[in-house]
Amino acid sequence: MDAGKGPPHPATGAVNTGTEHPENIHNPTLYKALKSMDINKIMADLEAKHPGEKEYLQAVKEVLMSVEEVYNQHPEFERNKIVERMVEPDRIVTFRVTWIDDKGEVQNNIGYRVQFNNAIGPYKGGIRFHASVNLSILKFLGFEQTFKNALTTLPMGGAKGGSDFSPRGKSDREIMTFCQAFILNLWKHLGPDRDVPAGDIGVGGREVGYMYGMYKRLANECTGTFTGKGLSFGGSLIRPEATGFGALYFVQSILATQNKDIKGKTVAISGFGNVAWGAALKATELGAKVVTISGPDGYIYDPAGLDSEKINYMLELRASGNDIVAPYADKFPGSTFFPGRKPWEQKVDIALPCATQNEVNGDDAKQLVANGVKLVAEVSNMGCTPEAIDTFLAARITYAPGKAVNAGGVATSGLEMSQNAEHLQWSAEEVDQRLHAIMANIHQQCVDHGTEPDGYINYMKGANIAGFMKVANAMMGQGVY
């Protein structure tokens with residue numbers, strides 16, 4: 001008998017490992033009750049406390065359903081209410097952002113920072129500036145970020161922030177003024193070992209630079225704190241491309257487990273910003289044919305596939321500030337613009353949602369399956385609705401969630417933090433090599449926790465369990481507070 005362990009229970013065969021209370025091991029009924037997670041009750045309680053926060057509630061339910069079985073093998077989690085603590089943010093900072101536009105008129109927006117969980121490291125997550133930003137979206141993103149960051153194995157907790165301010169149509173001076181006002185309210189909650197923001201939708205290198213400049217002035221320190229900074233003041237090489245690059249490295253790993261190669265595969269991509277650009281760039285470099293991009297106005301179908309000139313034009317479209325992709329069809333003959341429609345109706349081998357949450361719904365998923373899609377990988381956060389995910393899983397189509405697929409962006413942000421701490425800048429080759437290794441490791445975690453008896457790999461289950469267990473064990477090790 002191992003030291004520290006009790007004898008097997010004569011009726012159940014259960015062994016007291018030293019982590020369970022002895023009285024529970026000898027009471028099978030109580031032991032079973034302790035182990036059980038009541039998802040319906042947890043969700044009902046959350047819905048009562050946070051009515052109408054549909055994105056946040058969707059994200060929580062997806063994770064709980066995936067981890068229920070493994071959670072029930074750890075009665076110590078139930079005793080310490082790990083789930084109930086994990087699904088609520090550590091804190092939410094909400095503030096008014098007042099700024100003056102170019103006409104001299106006073107404007108007001110709402111700013112948020114959701115510091116979700118720092119069990120494994122300082123809070124880390126992007127800032128989003130978009131008219132659609134609300135607390136539900138930021139809580140969902142912060143919750144997802146917690147597990148995504150855990151999967152990278154880097155010491156980073158989860159957070160997200162933003163404002164209902166939209167940079168679209170604003171002058172450079174107005175954007176600078178807003179960014180400075182935003183940080184004036186938030187800076188005391190940030191720091192290299194406290195909370196390190198980055199960019200997200202509506203927040204690129206320009207906005208990060210303005211926010212970091214204001215933070216540095218107020219805090220009177222040069223410690224990095226933001227990631228996605230300019231190369232001349234602490235940024236990392238290949239950071240703009242990292243989310244898309246990492247996603248394709250993950251797709252490569254998936255295909256390798258199936259003894260397949262991405263070369264020659266047709267790929268549908270949504271979006272046309274930095275994430276879609278990085279994904280299109282790497283997919284094309286690896287020999288795939290990317291045949292779609294999309295925007296709020298519709299999508300482009302280009303049967304010839306993207307090349308370097310077309311991929312560079314994606315950045316021109318984004319820089320124009322018009323937020324539309326229709327001009328692509330005028331510039332490149334042979335391509336077609338489909339107004340008001342989504343690219344998932346095209347017949348492709350691989351679908352990569354790169355735009356926003358819930359962009360692939362149940363009907364889109366059915367169309368993709370009917371057209372013979374072989375692999376769907378979310379490069380956007382929670383890019384598929386629950387109905388779409390169920391459709392892919394039922395059809396045994398390989399589906400991989402955003403928290404695993406798009407972790408390359410935050411992984412490279414973590415590498416930027418390391419470079420800032422060392423006061424060094426690594427070469428693009430070194431950063432890319434580390435990114436490649438991190439994505440391969442995340443894929444292996446998904447395989448380890450998501451392989452089913454028939455050999456099918458449930459990447460959603462694998463990613464959720466791997467991330468959850470790391471955070472849960474860290475919370476257990478630090479006590480209840």
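The values are calculated or read from the model by the stated rules, or taken from the named source; none is laboratory data. It should be emphasised that the depicted structure is a prediction, and the values quoted were computed from it without experimental measurement. Cβ coordinates were reconstructed from backbone atoms using ideal geometry, including for glycine residues, and neighbour counts include every protein chain displayed. With ligands, DNA and RNA removed, areas are computed over all heavy atoms of the protein, side chains included. Shrake-Rupley method; radii C 1.70, N 1.55, O 1.52, S 1.80 Å.
Please report the carbon-and-sulfur percent of the accessible area for the chain; probe 1.4 Å, protein heavy atoms only, DNA, RNA and ligands left out.
Accessible surface attributable to carbon and sulfur in the chain totals 52 percent.
In nm², what is the average projected area of the convex hull enclosing the Cα atoms of segment 100-188?
Computing the convex hull of the Cα atoms and averaging its projections yields 6.2 nm².
Can you give the convex hull volume per residue for the Cα atoms of segment 306-435, as a whole number of Å³? Mind dumping the intermediate values first?
Details: hull volume 19.5 nm³, N = 130.
For segment 306-435, the hull spanned by Cα atoms encloses 150 Å³ per residue.
Provide Rg and Dmax in Å for segment 58-113, with only Cα atoms included in the calculation.
Just the Cα atoms of segment 58-113 yield Rg and Dmax of 20.2, 62 Å.
Skipping prolines and chain starts, which residues have an amide H placed within reach, meaning under 5 Å, of the one on LYS124, given they are 5 or more residues away or on another chain?
Amide H to amide H, under 5 Å and 5 or more residues apart or across chains, LYS124 pairs with GLY157, GLY158, ALA159, VAL196.
Quick one: how many lysine pairs does segment 327-481 have with C-alpha atoms less than 18 Å apart and a gap of 8 or more or different chains? Give me the count, please. Let's see the in-between values first.
Details: LYS342/LYS366; LYS347/LYS366; LYS347/LYS374; LYS366/LYS374; LYS403/LYS461; LYS403/LYS470; LYS461/LYS470.
The number of close lysine pairs in segment 327-481 is 7.
Provide the gained length on full extension for the span ASP172 to ALA370, in nm with one decimal, where the gain is 0.36 nm per separating residue minus the Cα-Cα distance.
Details: separation 198, 0.36 × 198 = 71.28 nm, distance 4.60 nm.
Additional length available on full extension: 66.7 nm.
Specify which residue in the list VAL106, ALA355, PRO327 is farthest towards the positive end of the charge dipole of the chain, using unit charges on the beta carbon of Lys, Arg (+1) and Asp, Glu (-1), about the Cα centre.
The Cα lying farthest towards the positive end belongs to VAL106.
What angle do you read, to the nearest 10 degrees and between 0 and 90, between the alpha-carbon axis of helix 428-450 and the longest principal axis of the chain?
The answer is roughly 40 degrees.
Residue by residue through segment 382-392, which ³J(HN,Hα) values in whole Hz follow from phi under the Karplus form 6.51 cos²θ - 1.76 cosθ + 1.60 (θ = phi - 60°), with glycine and proline marked x?
Taking θ as phi minus 60°, the curve returns 6, x, 10, 6, x, 5, 5, 4, 4, 5, 5 Hz for segment 382-392.
Taking the Cα centre of the chain as the origin and placing charges on Cβ (Lys, Arg +1; Asp, Glu -1), which of TRP344, ASN72, VAL275 is farthest toward the positive end of the dipole?
VAL275
What angle, in degrees between 0 and 90 and rounded to the nearest 10, separates the Cα long axis of helix 205-219 from the longest principal axis of the Cα atoms of the chain?
The two axes meet at around 70 degrees.
Under a crude label model (7 Å from the Cα following the beta-carbon direction), how far is GLU68 from ASP323 in nanometres?
3.9
Determine ³J(HN,Hα), in whole Hz, for all residues of segment 308-319 in sequence, where each value follows from phi through the Karplus function 6.51 cos²θ - 1.76 cosθ + 1.60 and θ = phi - 60°; x replaces Gly and Pro.
Ordered by residue, 3J(HN,Hα) equals 4, 5, 5, 5, 5, 5, 4, 5, 5, 4, 5, 5 Hz.
Over the alpha-carbon set of segment 151-264, work out the extent along each principal axis and list the three values in angstrom, largest first.
So the three principal-axis extents are 53, 35, 27 Å.
Assuming R0 = 45 Å, what is the FRET efficiency of ASN220 and SER132, from their Cβ-Cβ distance, to the nearest 0.05?
The pair ASN220/SER132 has a calculated efficiency of 0.80.
Residues with beta-carbon under 13 Å from that of VAL114, excluding VAL114: net charge, scoring Lys, Arg +1 and Asp, Glu -1?
-1
Run the dipole for segment 279-368 about the Cα centre, Lys and Arg Cβ at +1, Asp and Glu Cβ at -1, nothing else charged, and hand back the magnitude in debye, nearest 20.
120
So in the chain, what percent of DSSP beta bridges are antiparallel if you round to the nearest 5?
In the chain, approximately 55 percent of DSSP beta bridges are antiparallel ones.
Within segment 62-103, which residues have the backbone N less than 17 Å from the label spot 7 Å out from ALA48 along Cα→beta-carbon, could you tell me?
Within reach of a label on ALA48: 84-85, 88.
From the cross-link list LYS139/LYS170; LYS61/LYS139; LYS49/LYS139, which pairs have alpha carbons spaced over 18 Å apart?
Distance filter (> 18 Å) returns LYS139/LYS170.
Please get the size of the charge dipole for the chain, origin at its Cα centre, with Cβ charges of +1 on Lys and Arg and -1 on Asp and Glu, quoted in debye to the nearest 20.
380
Which residues in segment 249-276 place their backbone N less than 17 Å from a point set 7 Å from the Cα of TYR456 along the Cα-to-Cβ direction?
Only 258 pass the distance filter.
What would the Debye formula give as log10 I(q)/I(0) at q = 0.19 Å⁻¹ for the alpha-carbon point model of segment 351-404, no solvent?
Cα-only, vacuum Debye calculation for segment 351-404: -0.50.
Mind listing the phi-derived Karplus ³J(HN,Hα) values for segment 46-55, rounded to whole Hz, using 6.51, -1.76 and 1.60 with θ = phi - 60°, and x for any glycine or proline?
Result, ordered by residue: 5, 5, 5, 7, 10, x, x, 8, 5, 5 Hz.
Please give the helix 408-422 orientation as an angle from the longest Cα principal axis of the chain, in degrees from 0 to 90, rounded to the nearest 10.
90
Using only the alpha-carbon atoms of segment 222-333 as identical scatterers, what base-10 log of I(q)/I(0) does the Debye formula give at q = 0.22 Å⁻¹?
Calculated log10 I(q)/I(0) at the listed q: -1.16.
Taking the simple approach of a point 7 Å from Cα along Cα-to-Cβ for both VAL106 and GLN258, what is their distance in nm?
5.8
Would you mind working out the accessible area per residue for segment 254-353, using a 1.4 Å probe, and quoting it in Å²?
Normalised by residue count, the accessible surface of segment 254-353 is 43 Å².
Under 19 Å between alpha carbons, and skipping anything fewer than 8 positions from LYS188 in its own chain: which lysines qualify?
Filter leaves LYS124, LYS160, LYS216.
Using a basic spin-label model with each label point 7 Å from the Cα along Cα→Cβ, how many nm lie between ASN80 and VAL93?
2.8
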